[in-house]
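**Student:** Handing you a structure now.
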Amino acid sequence: MTRPSQPLCRGCGQSINGYYLSALGAAWHPEHFVCATCHQPINNTQFSVREGKAYHTQCYRDRFDLRCAYCHKPITAQYYTHNGASYHLECYQEHIGPRCAYCGKPLMSEYLVDHWGTKYCKEHQGQYPTCAFCGRLVPLQQQDPQSSEHVRCPICRASAVESLPQARAIFQGLMQQLNAQGLQFNNIPLQIELVDRARLAQLLNGRSGVDALGVTTHSTHMLNGQVVRTEVNGIAVLRGLPSTLFRGVCVHELGHAWLTLQGIRGLPSWAEEGFCELLSYRFYGELNTDESRHHAEGIEKNPDPVYGEGFRRVRVMADRLGCQRFVETLRTTKRMPSA
């Protein structure tokens, strides 16, 4: 029989003769007080408890402490949570978190994202100029020292139309595309010219805003104070435009040329510019690239009462009639169809 003074070991249920441990409100043979993870005796005076079970301190940490989703080691200090996962601060900064596209620093607080998905520190918004054609920020090391007219990012600069032979080849291809869509140019040998900003402003002669990128030039023949005919001399486009934008500007100006060649005169400004913007918008939509979608969105959201609102009004008419019928109605009636 076990004497009442002999405690029972919770581990084996037998009476204890000699030394024993007192822990968790019970007595234990020293060899029976073991860690619930490694099952080795707990000889230290410090241990961890979870749900009534004892653990070596290190075993407890290995089993239950928060772990970094990158390196899988326990997290014992400050950590960062992203998409439901936890990370050591250094693991998140070095391997997981986004970095500024311009300075390379980890983006640990609020940051900005541009139209192209580029992530960058907020302070860069006022530090760097934006590309004149796509809106990307252009830090000093990416700026073109050869260009004094406008700031271009490396992406827009890489596809820039700089030479006249290159421009002519693109231009002829665009005319063929528009011919196939019902905009005939009567085999008129239209010419394209690449010009700088000063020459473009001279050709515009105050007819458009300072942001214009192209112009269609005409010669008007008069007799006794009456217009006899109007001829298209050619199209001038700003030199150095990125290829996609250059094409869209050419399509817009070809719209003006087509109206003139068809003898369609006297349209209100919103109608003529809206029609030409519609042609560019449709062209961008057919390209369906990141750049073309960017320029199409610019047309859609343009707040200008002539170009932007004109486009939206003309688009309603074209959607109602269908584009081909809309163009044919404009060609035959010489006026804009009613909305």
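**Student:** Test Gly322 against the stated conditions and say whether it is at positive phi and not hydrophobic (A, V, I, L, M, F, W, C).
**Tutor:** Considered against the rule, which asks whether it is at positive phi and not hydrophobic (A, V, I, L, M, F, W, C), Gly322 comes out as yes.
**Student:** A further question follows. Go through segment 97-111 and give me each residue that's farther than 21 Å from Thr130 by Cα and out of contact with any Pro (no Cβ under 9 Å at 6 or more places or on another chain).
**Tutor:** Met108, Ser109
**Student:** Further question on the same structure: Could you list, in sequence order, the residues of segment 59-74 that are at pLDDT below 85, open to solvent by less than 90 Å² (accessible area, probe 1.4 Å) and within 42 Å of the chain's Cα centre (by Cα)?
**Tutor:** Phe64, Asp65, Leu66, Pro74
**Student:** Suppose we keep only residues that are among the small types (Gly, Ala, Ser) and open to solvent by 50 Å² or more (accessible area, probe 1.4 Å) within segment 127-151. Which one would you say is nearest to Tyr80 (Cα to Cα)?
**Tutor:** Top of the filtered list is Ala132.
**Student:** Could you check how many residues of segment 230-246 are open to solvent by 10 Å² or more (accessible area, probe 1.4 Å), within 22 Å of Gly274 (Cβ to Cβ) and either in contact with a Lys or Arg (Cβ under 8 Å, 6 or more places away or on another chain) or assigned to a helix (DSSP H, G or I) (or both)?
**Tutor:** Adding up the residues that qualify gives 3.
**Student:** Only one residue in Phe171, Phe185 is out of contact with any His (no Cβ under 8 Å at 6 or more places or on another chain), outside any strand (DSSP E or B), over 22 Å from Pro242 (Cα atoms) and not basic (Lys, Arg). Which one?
**Tutor:** The match here is Phe185.
**Student:** Mind checking which residues of segment 301-339 are exposed (fewer than 13 other Cβ atoms within 10 Å of the Cβ) and assigned to a helix (DSSP H, G or I)?
**Tutor:** Result: Lys301, Val316, Asp319, Arg320, Gln324, Thr332, Thr333.
**Student:** Same structure, new question: Can you tell me which of His124, His88 is under 30 Å from Ala212 (Cα atoms) and surrounded by 13 or more Cβ atoms within 10 Å (Cβ to Cβ)?
**Tutor:** Exactly one of His124, His88 is under 30 Å from Ala212 (Cα atoms) and surrounded by 13 or more Cβ atoms within 10 Å (Cβ to Cβ), namely His124.
Quick grid of which residues meet (1) within 18 Å of His295 (Cβ to Cβ); (2) among the aliphatic types (A, V, I, L, M):
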position: Pro129; (1), (2): no, no
position: Leu137; (1), (2): no, yes
position: Gln142; (1), (2): no, no
position: Ala158; (1), (2): yes, yes
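**Student:** A further question follows. Of the residues Gly11, Gly18, which is assigned to a loop (DSSP other than H, G, I, E, B), among the small types (Gly, Ala, Ser), more than 30 Å from Met108 (Cα to Cα) and modelled with pLDDT under 90?
**Tutor:** Result of the check over Gly11, Gly18: Gly18.
**Student:** Taking segment 86-142 as the search range and keeping residues that are of a type in the set (Lys, Arg) and not in a loop (DSSP other than H, G, I, E, B), which one is nearest to Cys156 (Cα to Cα)?
**Tutor:** Among residues in segment 86-142 that are of a type in the set (Lys, Arg) and not in a loop (DSSP other than H, G, I, E, B), the one nearest to Cys156 (Cα to Cα) is Lys119.
**Student:** Sort through Glu31, Glu51 and tell me the only one that's open to solvent by 60 Å² or more (accessible area, probe 1.4 Å), more than 30 Å from Lys119 (Cα to Cα), in contact with a Pro (Cβ under 8 Å, 6 or more places away or on another chain) and free of Cβ contacts under 8 Å to residues at least 24 places away in the same chain.
**Tutor:** Glu31
**Student:** Does any residue of segment 94-101 turn out to be on the phi < 0 side of the Ramachandran plot, open to solvent by less than 60 Å² (accessible area, probe 1.4 Å) and in contact with a helix residue (DSSP H, G or I) (Cβ under 8 Å, 6 or more places away or on another chain)?
**Tutor:** yes
**Student:** Moving on. Can you give me the number of residues within segment 247-278 that are out of contact with any Lys or Arg (no Cβ under 9 Å at 6 or more places or on another chain), open to solvent by 20 Å² or more (accessible area, probe 1.4 Å), assigned to a helix (DSSP H, G or I) and farther than 24 Å from Val195 by Cα?
**Tutor:** Residues in segment 247-278 being out of contact with any Lys or Arg (no Cβ under 9 Å at 6 or more places or on another chain), open to solvent by 20 Å² or more (accessible area, probe 1.4 Å), assigned to a helix (DSSP H, G or I) and farther than 24 Å from Val195 by Cα: 1 in total.
**Student:** I'm trying to understand the selection: among the residues of segment 201-225, which are of a type in the set (A, V, I, L, M) and at pLDDT 90 or above?
**Tutor:** Listed by number, the residues that qualify are Leu213, Val215.
The values are calculated or read from the model by the stated rules, or taken from the named source; none is laboratory data. Keep in mind that what you see is a predicted model, and the values were worked out from it rather than measured. Because the Cβ atoms are built from the backbone with ideal geometry, glycine has one as well, and the counts that use them run over all protein chains shown. Each accessible area value is taken on the protein alone, full model and side chains, heavy atoms only, with ligands, DNA and RNA left out. Shrake-Rupley method; radii C 1.70, N 1.55, O 1.52, S 1.80 Å.
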